[in-house]
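Some notes on the structure that comes next.
Any read-out appearing in this document is the output of simple, stated calculations on the displayed coordinates, not a laboratory observation. All figures in this text were calculated on a predicted structure; none of them were measured in a lab. Please note: Cβ atoms are built from the backbone with ideal geometry, for glycine as well, and neighbour counts cover all protein chains shown.
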Amino acid sequence: MRIFRLVCAALLVVGIILSYVASTPDPAIGLVRRTVIFLSFFTIIANCLLVAVLALPELAPRAAAGAMLARPSVRGGVVVYAVMVGLIYVLILRHLWSPAGWQAAGEVIVHYAAPIIAVVDWVVFVPRGRTRWRHAMWWVALPLAYAVYTLAHGAATGFYPYPFVDAAALGLDTVLGHMALILLGFLVLGLSVVLIDRVEGRAASRAEGRWR
């Protein structure tokens, strides 16, 4: 488990770095502004969280951050974020551009490998029966905060990370509708994760009881 998580975390770090280095912003944009734009993509936020969840509990299990990130309730939320990133990319974004070279390699890691890694880690290594229905509501808090930030940042700078949240081009009402649907998707996926966790947890408890 430790080797798997650390190797996967390292791979994701490579993907994040490749995506950052290979991006081609306006030459007039400074390093700080470029970094802010890069970190304004939910894809990058989700991947950074996944790196933290994989690496910190292994490297610093007794630290407060390591202990918190090891909780099944936290790991479940990160699975939801990573899977939603992959779904939105496959269903919407991959048809809108064609990355090449190192940028393509980075995109494969952060959009395809990350969801697979998150799901495999959750299925194989995370204890079952530890999440509650309320956790699915808590997991929506980050996407909701991100939506508010995206609208505020876009209104102030004119930059919107994804075409379906471009309020300047689509209008605020349309974008709010898109965001509502995406937040609903986060909630439904979160409820699904909790349902699977609880069902498998009960099954494991019954199996353990039979062997006693």
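Provide the per-residue ³J(HN,Hα) series for the range 122-133, in order, calculated from phi with Karplus coefficients 6.51, -1.76, 1.60 and θ = phi - 60°, each as a whole number of Hz, with x at glycine and proline positions.
Working through the residues one at a time gives 5, 5, 8, 10, 8, x, 9, x, 9, 9, 10, 4 Hz.
For every other residue with a beta carbon closer than 14 angstrom to the beta carbon of Ala136, add +1 if it is Lys or Arg and -1 if Asp or Glu, then tell me the sum. The partial results should precede the final answer.
On the way: positive: Arg75, Arg130, Arg132, Arg134, Arg198; negative: Asp197.
Local net charge: +4.
In nm, to one decimal, how far is the modelled label at Ser23 from the one at Val120, with both set 7 Å along Cα→Cβ?
Spacing of the two 7 Å Cα→Cβ label points: 2.7 nm.
Quick one: Karplus J couplings for the range 67-74, per residue in order, coefficients 6.51, -1.76, 1.60, θ = phi - 60°, nearest Hz, x for Gly and Pro?
With coefficients 6.51, -1.76 and 1.60, one gets 5, 5, 6, 7, 5, x, 5, 6 Hz.
Between Val140 and residues 5 or more places away or on another chain, which pairs have amide H atoms under 5 Å apart, with H built 1.01 Å from N, and which residues are they?
When sequence neighbours closer than 5 places are left aside, there are no close amide H contacts.
If you take every residue apart from Gly190 with its C-beta less than 12 Å away from the C-beta of Gly190, what net charge results, scoring Lys and Arg +1 and Asp and Glu -1?
Values: positive: Arg132, Arg134; negative: Asp197.
It works out to a net charge of +1.
Kindly provide the helix-only [θ] at 222 nm of the chain, computed as the sum of -39,500 (n - 2.57) over DSSP H runs of four or more divided by all residues, to the nearest 500 deg cm²/dmol?
Working: 11 runs with 161 residues, N = 212.
Value at 222 nm, helices only: -24500 deg cm²/dmol.
Have a look at Gly171, Gly185, Gly66 and tell me which one the Gaussian network model of the chain (Cα, springs below 10 Å) gives the largest fluctuation.
So, out of Gly171, Gly185, Gly66, the one fluctuating most is Gly171.
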